1. Starting from the stretch 310-338, keep only residues that are in contact (Cβ under 8 Å) with a residue 12 or more places away in the chain and under 17 Å from Asp355 (Cβ atoms), then list their pairs with residues that are exposed (fewer than 15 other Cβ atoms within 10 Å of the Cβ) and of a type in the set (Lys, Arg) whose Cβ atoms are within a distance under 9 Å, requiring at least 6 positions of separation or different chains.
2. What pairs come up if the first residue lies in the stretch 154-168 and is under 20 Å from Asn69 (Cβ atoms) and assigned by TED's automatic domain parsing to the domain that holds Leu11, the second is of a type in the set (Val, Ile, Thr) and in a strand (DSSP E or B), and their beta carbons are under 6 Å apart, counting only those six or more places apart or on different chains?
3. Within the stretch 312-349, can you find the residues that are within 30 Å of Thr6 (Cβ to Cβ) and buried (at least 21 other Cβ atoms within 10 Å of the Cβ)?
4. Which one is modelled with the highest pLDDT, of the residues in the stretch 132-159 that are among the hydrophobic types (A, V, I, L, M, F, W, C) and not in a strand (DSSP E or B)?
5. Quick one: which helices (runs of 4 or more DSSP H) lie wholly within the stretch 204-321 and hold at least 1 residues that are hydrophobic (A, V, I, L, M, F, W, C), modelled with pLDDT of 85 or more and closer than 27 Å to Tyr146 by Cβ?
6. Mind listing whichever residues of the stretch 339-357 are assigned to a strand (DSSP E or B) and in contact (Cβ under 8 Å) with a residue 24 or more places away in the chain?
7. Does Ser84 meet the test of being of a type in the set (S, T, N, Q), assigned to a helix (DSSP H, G or I) and loosely packed, with under 15 Cβ neighbours inside 10 Å?
Amino acid sequence: MEKRRTVPVKLDVDSHSAALLEDTVDEFLWAANYTTRHAFKGEYVTTSKTTLHDDTYEDVRDQTALHSNHVQAARNKAAEACKSVVARWKNGKKASMPHFTSPHLVYDHRTATFHDEYVSLATVDGRIETDYVLPDKTRDTPHTDYFFSDEYETAGAELHYTNGNWMLHIHCKTDVESNTPEQATPENGTVLGVDLGVNNLAVASTGTFWTGDEFDHWRREYEKRRGDLQECGTRWAHENMQAVGRKEEGRFKQTLHRISNELVAEAHKYECSVIAFEELTDIRERTGASWGHKWAFNRLYEYVEYKTKEYGITVAQVDPENTSRRCSTCGFTHPDNRESESFECLKCGYENHADYNAAKNIGLRYLRRNQTGGDEGAPVGVRLNSGMLNANGEYESPADDSARAGVHAESQRL
């Protein structure tokens, strides 16, 4: 089984190299947007990479100085974005033609050569060499664990320009045994449902809560600091605002890494084969979340997604419609079932925390969407703290996995 990790490395880029990278990024974004516009020209959106390659490759090569592999990477980026749009349309969601603006550039082993202390990168005018800005190799960091490790090999990278810095997100990979006891994915495993929100960043169907108190506290603190600096209006204040932004992002990433580690550990502890989240696309509109929370939800999902690969656990998203209004016990759905953080079913009287009820519904939705009844490896239930829910919403006790208790027996633990 392949295990992947991404290590962000700051680059020490001089002014001449920075200008070349800027030109290369601009042409890469132009190529991706050109391909996207072409994909939307016809009666149907073209998502085939082969078709897009045949239709746009020569034009892009003629109109840019990009390396051939950068042209192909831009085409792939456009094709994937177009596929996402089509998928949203099929689900009845609104989506418009993608447009790439964030400064980034995809590298592979033909356009980048990775050395111990520096990297060689292809640009629109030859190659540049730039040193890494690395932490002490004696410290326990992702750089020492993955980038410097002999067990991992580099598998490409993505260059980003953020907060005045050139950052190379280096992809590292290794092969690991997938049949060892600690990494084996159980047959007929279970689903861990996860609800995301503002007051509680994440709630699992096992009853574990990760509150948003710390996140909200520091978000308010950093907003206040930026507001105070903005009032000054000086160059010094502007530079300090950027420093505050970097500290804020670093602190939040550290918090989200901790939560993602604990979520993955929770799934592994309960022998879950799937972690199911609600679809993140319109989560701001549904939850009233800020842009900061939306960023946090996406980050958390990404962290969980790559960390679960070590254990062979699948991460998925499901349609969130009515997961907060539906009773996970009897299935009755009504807006008045939920009031703030409290859930009480108007039909069967089931009471619990609203986010916990939603987490179970998210797990059940994945289970019902994917369970066929004939696949030996298909998940058979939603994992709770004690026992689980089967696809019918019935509680199954841990003492007898084959016994199917009535829906109200769940109240013995939940």
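The values are calculated or read from the model by the stated rules, or taken from the named source; none is laboratory data. This structure is a prediction, so every number in the text was calculated from the model and none was measured. All Cβ positions, even for glycine, are placed from backbone atoms using ideal geometry, and neighbour counts span all protein chains on display.
1. Taking only residues 6 or more apart or on different chains, the pairs are Val318/Arg369; Cys327/Lys347; Asn337/Lys347.
2. Thr154/Ile170; Ala157/Ile170; Glu158/Val106; Leu168/Val9
3. Ile313, Val315, Val318, Pro320
4. Result: Leu134.
5. In the stretch 204-321, 235-269, 291-307 are the helices (runs of 4 or more DSSP H) which contain 1 or more residues that are hydrophobic (A, V, I, L, M, F, W, C), modelled with pLDDT of 85 or more and closer than 27 Å to Tyr146 by Cβ.
6. Those that are assigned to a strand (DSSP E or B) and in contact (Cβ under 8 Å) with a residue 24 or more places away in the chain: Asn352, His353.
7. yes
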